[in-house]
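K.L.:
First the structure, which I've put down as structure tokens, then a few questions once you've had a look.
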Amino acid sequence: RTISHHAPPQKQQHHHQNGHNTTPADDVFDATYKEKEGRKPQMQLVWRNIILMFLLHVGAVYGFTLIPSAKTLTLVWTAVCYAISGLGITAGAHRLWSHRTYKASFPLRVFLAFANSMAFQNDIYEWARDHRSHHKYSETDADPHNAKRGFFFSHVGWLLVRKHPEVVEQGKKLDLSDLKADPVVMFQRRHYVLSLVLLCFALPTLVPWYCWGESLETAYFLPGLFRYALSLNATWLVNSAAHMWGNRPYDITINPRENRVVSFSAMGEGFHNYHHTFPFDYGTSEFGWRLNPTTAFIDLMCFLGLAWDRKKVSKEMILARMQRTGSGSNKSG
Ligand code: ST9
Ligand code: ZN
Ligand code: ZN
């Protein structure tokens, strides 16, 4: 049967290419969840995060001004760090661990965990837990970055305040057993602080300094802070911009949208109306490699035998869904 946003929230078998069934991730929208009535709780600012985020962005702007004086190899390295940390989020935390859209061998999971620490967006376990909350309780109080609370809140504001009690309350119901059973995920969580110091800050800084004599200052502020802040904002745009601007060819009843700019900067994660409609599709879009280097990466890993069992929605199912709930426009993004 078709996965539908209006279906009861029972465990559903996902349909995929090769007909194998696996336990689906607990990421299906729960239409039965209703927000509690009455006054919303007071927001509690977390000053430590506000100050650190502010300093990070000041450092990133300074790093940006160093671009003209940086060595060419340092610029290439900045792009490489962006791509690797990006894959740690898109192919790792998102498509593999949050949604279980494909299976990955041990060496690939180790690589993705390293890449994920380089991205420093909370450990995989916490990221996937929050992300399943985001899909299951989308745009309610139980969604950690509820886009109904506006652009700023869904972009970065949610990281600067205590969570809504409903996020914690409803989140307790999530099935996270698959994450707890993955030794790579649990190892990264145990050693998270050390791993992010080494991979998000030390490695990007030391490689250009040691290997081609870049100044430590440029290396710290450009491939370090500037690259980090840029990839954070690219990720956050999926939660903010792609929940506000773009087409809704697959489901007009939800806010997530197809946003080309976001797809480009977020390595293929801006086809967000499609993704919320079919969260189990490993490509997060209908269109293969178009604006989607993450899908190309997963396909390459499958070609090399390091990944397998990619889940993909059939064209017929997409078309049926578009006719039933789509906006009537087939322009996607
Ligand atoms: C960052 C994450 O940036 C970004 C994620 C974006 C997601 C995007 C998704 C879009 C699709 C993919 C696009 C990819 C594009 C990539 C492009 C790349 C180029 N369920 O959190 P706590 C419980 S991070 C169940 O402390 P507070 C739990 O027991 C940036 N339970 O709440 C927990 O304890 P524990 C860097 C939950 O105190 C306890 O509550 N990091 C859930 O309210 C306390 O949880 C930062 O800036 C749940 N969902 O604090 C740090 N949630 O964990 C930010 C909580 O021990 N974080 N519980 O089990 C914080 O400082 C805090 O979390 C806080 C809230 C202040 C925000
Ligand atoms: Zn979303
Ligand atoms: Zn998702």
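K.L.:
Yes or no: region 55-66 includes at least one residue that is more than 22 Å from residue 159 (Cβ to Cβ) and in contact with a helix residue (DSSP H, G or I) (Cβ under 7 Å, 6 or more places away or on another chain).
P.N.:
yes
K.L.:
Going by the conditions given, is residue 270 buried (at least 17 other Cβ atoms within 10 Å of the Cβ), touching a Ser or Thr at 6+ places or on another chain (Cβ under 9 Å) and modelled with pLDDT under 95?
P.N.:
no
K.L.:
For region 191-212, how many residues meet the condition of being among the small types (Gly, Ala, Ser) and either under 19 Å from residue 90 (Cβ atoms) or touching a residue at least 24 places away in the same chain (Cβ under 8 Å) (or both)?
P.N.:
The total comes to 1.
K.L.:
Something else now. Given the structure, is residue 227 in contact with a Cys (Cβ under 6 Å, 6 or more places away or on another chain) and not in a loop (DSSP other than H, G, I, E, B)?
P.N.:
yes
K.L.:
For region 257-293, enumerate the residues that are in a loop (DSSP other than H, G, I, E, B), within 11 Å of ligand 2 (Cβ to nearest atom) and within 14 Å of the chain's Cα centre (by Cα).
P.N.:
Across region 257-293, the qualifying residues are 269, 270, 279, 284.
K.L.:
Test residue 53 against the criterion of being part of a helix (DSSP H, G or I), in contact with a Cys (Cβ under 8 Å, 6 or more places away or on another chain) and either among the aliphatic types (A, V, I, L, M) or without any contact (Cβ under 8 Å) to a residue 12 or more places away in the chain (or both), and give yes or no.
P.N.:
So residue 53 does not fit the description; no.
K.L.:
Same structure again: Please specify each residue of region 169-198 satisfying the condition of being under 14 Å from residue 26 (Cβ atoms) and among the acidic types (Asp, Glu).
P.N.:
175, 178
K.L.:
Filter region 235-260 down to the residues that are of a type in the set (A, V, I, L, M), away from ligand 3 (no atom under 15 Å from the Cβ) and either surrounded by fewer than 21 Cβ atoms within 10 Å (Cβ to Cβ) or more than 19 Å from residue 157 (Cα to Cα) (or both) and list them by number.
P.N.:
244, 252
K.L.:
Here is a further query. Considering only region 143-167, how many residues are away from ligand 2 (no atom under 15 Å from the Cβ), in contact with a Pro (Cβ under 7 Å, 6 or more places away or on another chain) and assigned to a helix (DSSP H, G or I)?
P.N.:
Going through region 143-167 one residue at a time, the tally reaches 1.
K.L.:
Counting just the residues of region 111-146 that are closer than 16 Å to residue 181 by Cβ and surrounded by fewer than 23 Cβ atoms within 10 Å (Cβ to Cβ), which one comes out farthest from ligand 3 (Cβ to nearest atom)?
P.N.:
Ranking the qualifying residues of region 111-146, first place goes to 125.
K.L.:
Among the residues of region 137-154, which ones are in contact with an Asp or Glu (Cβ under 6 Å, 6 or more places away or on another chain), among the hydroxyl-bearing types (Ser, Thr, Tyr) and within 10 Å of ligand 1 (Cβ to nearest atom)?
P.N.:
Matches in region 137-154: 137 only.
The values are calculated or read from the model by the stated rules, or taken from the named source; none is laboratory data. Small disclaimer: the values here were computed from a predicted structure and weren't measured. When we count neighbours, we look across all protein chains shown, and the Cβ atoms used for this are built from the backbone with ideal geometry, even at glycine.
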